[in-house]
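In what follows, a single structure is set out as structure tokens and then discussed.
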Amino acid sequence: MQGGQERATGEKMVLNFGPQHPATHGTLRIVLELDGESILKATPHAGYLHTGFEKLGEHLDYNQYIVVTDRMNYLSPLSNNFGYVLAVEQLLGIEVPKRCQYIRLLMAELSRVADHLLWLGTAALDLGAFSVFLYSFREREKLYSIFEKTTGARLTTSYTRVGGVLRDLYDGCEEDVRQFVSNFPKALKETHTLLTRNRIWMDRTKGVGAISPDDAIDYGLTGPCLRATGVAHDIRKVEPYSSYDEVTFDVPVGTNGDVYDRYLVRMEEMIQSCGIITQVLDNMPDGPVNVEDNKITMPNKSDAYGHIEGLIHHFKIVMDGHGVQLPKGEHYCATESPNGELGFYIVSDGSGTAYRIRIRPPSFFHFQALPHMLEGGMVSDTVAVLGSLNVIAGELDR
């Protein structure tokens, strides 16, 4: 209202946000129907990055498929590897050694911090906070150095195996990780100083893209996006897996379910992850990192090259039509990935490959909730809301 008169509405405009736009962080498209700068309608479109991830599961054996999981949420591939092999192992009815469980837990929490750091840097950059981008990527680079020394790769790690992991931790890993977690809270405090009470940041995020707890549950939101509404749901707490019941941590929650609360929840989650990592290192057990079953895990190279039994076991695992044989049945396994519930549903027909693999990615559910969060807001809010959800295009189309 201006001078007692209602604002005149003009012709509605349709604006394509993406699929090629720096702030979409991938091939996403949102069709916005605008009245001036107000959003009347928002329609999210997926389908620009169709990869066939699920169909590939019907043609690759259970260990080969691990490389596919890397490429879904490529910000935290170690979490994807972890969630997938856990589903296979539960259907197989095996439990990996305790040291392997702790190593997986360590890598998953380091990966959570790395994922949140990339989200923090890019979401802040979208709203003009360039220094935060530099600060977060500086810390993330330290983690990528640890990942590379551990797995041999920075991004597509493929570290886990059915029944264990690729290799044990490298010499000096504990020292590197302890140094990171001891320095990280101070580095994160720099970001808090730059953003948390920054008037521009608060104006762009507070009350923007808000969603109620009931609506968040109805849309299927999980992870930080759900916890920002005040729902303290974390699979690591409610259904602990891989020794998560042996570590203590708090579940951060928000109150308003807006962009600002999603920011605060992720910031605190990184601190909680550092606490989990410290507990894991303090209590890291000795022992093997793979189950001792020649029908599940690969023999040592020395056995494969030096003994006929080792060579036979090697070929039986890698040959077409052989490999890890799961019993007939179906199973769903959910883990708490950095973005929320990452679930793998596997149907086995008793062969060396899955009859069907279905993936429940958190980004797909978050992307569908965009209209609820955007409609009625301003077009400039689109960047802030989309960035706060951390939608990864690789998870959408599969």
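Here the extension length gained between residue 134 and residue 168 equals 9.0 nm, from 0.36 nm per residue of separation less the Cα-Cα distance. For the set 55/328; 301/328; 98/142; 142/189; 98/149, the pairs lying more than 24 angstrom apart at their alpha carbons are 301/328; 98/142. Ranking 369, 311, 209 by Cα position along the charge dipole of the stretch 53-397, where only Lys, Arg, Asp and Glu carry charges on their C-beta atoms, puts 209 farthest toward the positive end. The relative contact order of the stretch 53-397, computed from alpha carbon pairs under 8 Å that lie at least 6 residues apart in sequence, is 26 percent. Note that the chain shows a convex hull volume over its alpha carbon atoms of 139 Å³ per residue. Semi-axis lengths, largest first, of the ellipsoid equivalent to the stretch 159-284 are 31, 21, 11 Å, with √(5λ) applied to each eigenvalue of the Cα gyration tensor. On a C-alpha basis, how far is the centre of the stretch 324-341 from the centre of the stretch 218-242 in Å? Whole number, if you could? With the stretch 324-341 and the stretch 218-242 each reduced to a Cα centre, they are spaced 17 Å.
Nearest 10 degrees is fine. How inclined is helix 308-318 to the longest principal axis of the chain, computing both from alpha carbons? Here the helix axis deviates by roughly 30 degrees. For the stretch 21-168, relative contact order (Cα pairs under 8 Å, six or more residues apart, normalised by length) works out to 24 percent. Taking the average, over residues, of other Cβ atoms within 10 Å as the packing measure, peptides 367-377, 197-207, 27-37 rank 367-377, 27-37, 197-207 from highest down.
For n ≥ 4 DSSP H runs only, could you compute -39500 (n - 2.57) per run for the chain, divide by its residues and tell me the 222 nm figure to the nearest 500?
Values: 17 runs with 188 residues, N = 398.
Taken over the chain, the calculation gives -14500 deg cm²/dmol.
Simple rule: put +1 on each Lys or Arg Cβ and -1 on each Asp or Glu Cβ in the chain, find the dipole, and look at 27, 163, 84; the Cα lying farthest toward the positive end is 27. Would you mind working out the magnitude of the charge dipole of the chain relative to its Cα centre, with +1 at each Lys and Arg C-beta and -1 at each Asp and Glu C-beta, to the nearest 20 Debye? Around 580 debye, computed over the chain.
Normalised by 2.2 N^0.38 Å, where N is the number of residues, the alpha-carbon radius of gyration of the stretch 317-381 equals 1.73. Label-to-label distance for residue 308 and residue 320 is 2.7 nm, based on points extended 7 Å past Cα in the beta-carbon direction. Using only Cα atoms and rounding to the nearest 10 degrees, what angle (0 to 90) does helix 77-92 make with the longest principal axis of the chain? On a 0 to 90 degree scale, this one is about 50. Against the chain, whose longest principal axis is taken from its Cα atoms, helix 130-151 shows a tilt of about 10°. Using the beta-carbon distance between residue 38 and residue 192 and R0 = 30 Å, what value does 1/(1 + (r/R0)^6) give for FRET efficiency, to the nearest 0.05? Calculated transfer efficiency: 0.40.
Measuring r between the beta carbons of residue 64 and residue 203 and using R0 = 35 Å, the FRET efficiency lands at 0.10.
Any read-out appearing in this document is the output of simple, stated calculations on the displayed coordinates, not a laboratory observation. Note that the structure is predicted; figures quoted are calculated from it, not measured. Heads up, the Cβs are rebuilt from the backbone with ideal geometry, glycines too, and the neighbour counts pull from every protein chain shown.
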